[in-house]
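Asker: Here you go, one structure.
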Amino acid sequence: MTDVSNLMLNAPPGAPNAAPTGNGLVPASRNGISLQALQKSPVEVSWARHQDEVRQAQRLRFQVFATEMGARLTTPIAGHDIDLFDDYCEHLLVRDALTRQVIGTYRVLTPAQARRVGGTYSDTEFDLTRLRTLRPRMVELGRSCVHADHRHGGVIMALWSALADFMVRNELDTMIGCASIPMVHNGIPSGDAAASIWHQVRKTHLAPIDFHVLPRLPLPVDLLDGHAVVEPPALIKGYLRLGARVLGAPAWDPDFNTADLPMLMRLADLHPRYRRHFLGR
């Protein structure tokens, strides 16, 4: 397995915000993006260049997924969320500019790295056969989380702005990922909330059948109460506002105890309002 540090150190010296270039990616041009207008305290966005920066993201992920949400994680380093895909991913970080603490993160698996590792994380949860024509320009987004003290629009907008820049610079056009719904959401237990959200979004945001995928461990939505009045988690609502589509019924992830919706976002489908904001066109 490729060591993270080997990927990260290919960024040229003196370019702290460069995207790792070990797989031919185009580096970003700025050392962090100041987004003071987006939240109360300024934040900075950068791509991890060294393993210690990746470790900071993994500690935040553990704090959110395991400590806060109760996920059962098998990890080689205590207090860190680590899996086999991490060494192949680019890691996007949002820091509080005053404390330097990592307060938000995404990991991004590029087409070249997906080929090296043998697939995407989403492939482990879904049969993605129908997406094969998209793979050459498709990235997978995953492990997104924001520190509990910073869950407002500024951090996620900062992450999305950097992701849009990354996609354009590297001539990529499609993003996929698993959007999670906790088994207990808004006080509704046992997967009923997830089943209800699935029944809502399949009516309004289902992708064309050409892109439908099948869960490997399906959530038994037909055996659950899918009539609850419940809003999707904020991140899913945000994706749908951007123009994302749901690719099929949710899978059950027993380790994280979540229902995972397969989602696809193509830059061509980006809502005009957000296209202007993120892409400037």
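The values are calculated or read from the model by the stated rules, or taken from the named source; none is laboratory data. Keep in mind that what you see is a predicted model, and the values were worked out from it rather than measured. A quick note on method: Cβ atoms are made from the backbone with ideal geometry, for glycine too, and the neighbour counts reach across all protein chains shown.
Asker: For Tyr239, indicate whether it is of a type in the set (Phe, Trp, Tyr), in the same structural domain as Gly191 (by TED's automatic domain parsing) and at pLDDT 90 or above. Show your work before the answer.
Answerer: On the way: of a type in the set (Phe, Trp, Tyr): yes; in the same structural domain as Gly191 (by TED's automatic domain parsing): yes; at pLDDT 90 or above: yes.
Against the criterion (of a type in the set (Phe, Trp, Tyr), in the same structural domain as Gly191 (by TED's automatic domain parsing) and at pLDDT 90 or above), Tyr239 qualifies.
Here's the yes/no breakdown for (1) assigned by TED's automatic domain parsing to the domain that holds Thr258; (2) surrounded by 17 or more Cβ atoms within 10 Å (Cβ to Cβ); (3) in a helix (DSSP H, G or I); (4) touching a residue at least 40 places away in the same chain (Cβ under 8 Å):
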position	(1), (2), (3), (4)
Ala78	no, no, no, no
Asp81	no, yes, no, yes
Val155	no, yes, yes, yes
Ala162	no, yes, yes, yes
Phe166	no, yes, yes, yes
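Asker: Sticking with this one: Could you run through the stretch 97-112 and say how many residues are crowded, with 20+ Cβ neighbours inside 10 Å and under 18 Å from Cys178 (Cα atoms)?
Answerer: Matching residues across the stretch 97-112 total 7.
Asker: Restricting the search to the stretch 168-195, which residues are crowded, with 23+ Cβ neighbours inside 10 Å and over 27 Å from Arg273 (Cβ atoms)?
Answerer: Once the filter is applied, which keeps residues that are crowded, with 23+ Cβ neighbours inside 10 Å and over 27 Å from Arg273 (Cβ atoms), the stretch 168-195 yields Gly191, Ala193, Ala194, Ala195.
Residue-by-condition table, conditions (1) closer than 26 Å to Ala71 by Cβ; (2) touching a Cys at 6+ places or on another chain (Cβ under 8 Å):
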| position | (1), (2) |
| --- | --- |
| Asp225 | yes, no |
| Tyr239 | yes, no |
| Ala244 | yes, no |
| Asp253 | yes, yes |
| Arg273 | no, no |
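Asker: Kindly list the number of the only condition in (1) assigned to a helix (DSSP H, G or I); (2) among the charged types (D, E, K, R); (3) closer than 29 Å to Arg275 by Cβ; (4) assigned by TED's automatic domain parsing to the domain that holds Trp47 that fails for Asp149.
Answerer: Asp149 satisfies every listed condition except (3).
Asker: Tally the residues that are aliphatic (A, V, I, L, M) and in a loop (DSSP other than H, G, I, E, B), restricting the search to the stretch 205-225. It would help to see each step written out before you state the result.
Answerer: Going residue by residue through the stretch 205-225, those that are aliphatic (A, V, I, L, M) are 206-207, 209, 213-214, 217, 219, 221, 223-224.
This time we only want the ones that are in a loop (DSSP other than H, G, I, E, B), so: 207, 213, 217, 219, 224.
So the count comes out to 5.
Asker: Among the candidates Gln58, Gln63, single out the residue that is at pLDDT 95 or above, of a type outside the set (Lys, Arg) and surrounded by fewer than 19 Cβ atoms within 10 Å (Cβ to Cβ).
Answerer: Gln63
Asker: Follow-up question, since we're still on this one. Hey, among Ala228, Ala249, Ala194, which residue is under 19 Å from the mean Cα position of the chain (by Cα), over 28 Å from Glu90 (Cβ atoms), in a loop (DSSP other than H, G, I, E, B) and not assigned by TED's automatic domain parsing to the domain that holds Leu93?
Answerer: On the way: Ala228 fails: under 19 Å from the mean Cα position of the chain (by Cα); Ala194 fails: in a loop (DSSP other than H, G, I, E, B).
Going through Ala228, Ala249, Ala194 in turn, the sole match is Ala249.
Residues checked against (1) touching a strand residue (DSSP E or B) at 6+ places or on another chain (Cβ under 8 Å); (2) outside any loop (DSSP other than H, G, I, E, B); (3) not hydroxyl-bearing (Ser, Thr, Tyr):
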{"position": "Pro232", "(1), (2), (3)": "yes, no, yes"}
{"position": "Asp260", "(1), (2), (3)": "yes, yes, yes"}
{"position": "Ala268", "(1), (2), (3)": "no, yes, yes"}
{"position": "Arg275", "(1), (2), (3)": "no, yes, yes"}
